[in-house]
Amino acid sequence: MRNNWIDRFEGLSNLPQSLRDTLTKQSQVLSVPEGTVVFGPGKTPENLLLLLTGTVRVQQLSESGREIVLYRVNAGESCVMTTACLLAYEEYSAEGIAETDVQAAAIPRKVFDELISKSEDFRRFVFSAYSKRITDLFFVIEEIAFQRMDIRLAQKLITLSRDTDVVKSTHQQMAAELGTAREVVSRQLQEFQRRDWVAQTRGTITLLDRNSIRNLAESDA
């Protein structure tokens, strides 16, 4: 993986061999255990991180102390927050936490700056990923501002449960996922439980009626 990680990213696999050699020789593959704070507010990025395995959760803390999950970086993706800070020479305003054990290719700032200026293919790779994530963030803002909480909660339960019908999350953590207060999530989960859609134990939400939850998640109301 340390030598062939470039081929895992479509936008980089088309680079000329000389630039591929620059990336492999001057970058390194890092391993980070689950729970590690990968970056945080006030810190300056030194590398562009391209995720090879695992998931990093990017979240922000409001002035009132409320957390909101902005997005997740999965294998095969880069972090738009890091890209923005590298381009603007600014410090991070959010934090990234490894949700799983993570491996990432770290491209040093010097190499990043050089390739941005010299390679059209590298620029296209960076800005295409940046554009997609910015679009995703606008969607998050639209959801928070305009979509009903019961629909958003249903969507999040479907997403986080994957195929297991179990979500390992406290009400506070779920509130951070949805950008709302814990009390709002608790009330809505109680309503889902009253309908026999979910069962709750400490730190766990079990989906009992996945079809009803999915129907709500896919509604346009």
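The values are calculated or read from the model by the stated rules, or taken from the named source; none is laboratory data. Keep in mind it's a predicted model, so treat the numbers as computed, not measured. Note that we place each Cβ from the backbone using ideal geometry, even for glycine, and neighbour counts take in every protein chain shown. In case anyone asks, the SASA skips ligands and DNA or RNA and just uses the protein heavy atoms, side chains included. Shrake-Rupley method; radii C 1.70, N 1.55, O 1.52, S 1.80 Å.
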Residue check, residue 14 over 13 Å from the mean Cα position of the chain (by Cα) and open to solvent by 20 Å² or more (accessible area, probe 1.4 Å): yes
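Among the listed residues 105, 84, identify the single one that is more than 12 Å from the chain's Cα centre (by Cα), in a strand (DSSP E or B) and of a type in the set (Gly, Ala, Ser).
Answer to the check: 105.
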Candidates 183, 218, 177, 114, filtered to the one that is open to solvent by 30 Å² or more (accessible area, probe 1.4 Å), of a type in the set (D, E, K, R) and closer than 30 Å to residue 89 by Cα: 114
Test: residue in segment 189-211 that is within 22 Å of residue 68 (Cβ to Cβ), open to solvent by less than 40 Å² (accessible area, probe 1.4 Å) and in a helix (DSSP H, G or I): yes
Candidates 66, 20 - the one that is over 30 Å from residue 183 (Cβ atoms), at pLDDT below 90, basic (Lys, Arg) and surrounded by fewer than 17 Cβ atoms within 10 Å (Cβ to Cβ): 20
Residue 212 vs. criteria out of contact with any strand residue (DSSP E or B) (no Cβ under 9 Å at 6 or more places or on another chain) and of a type outside the set (Lys, Arg): yes
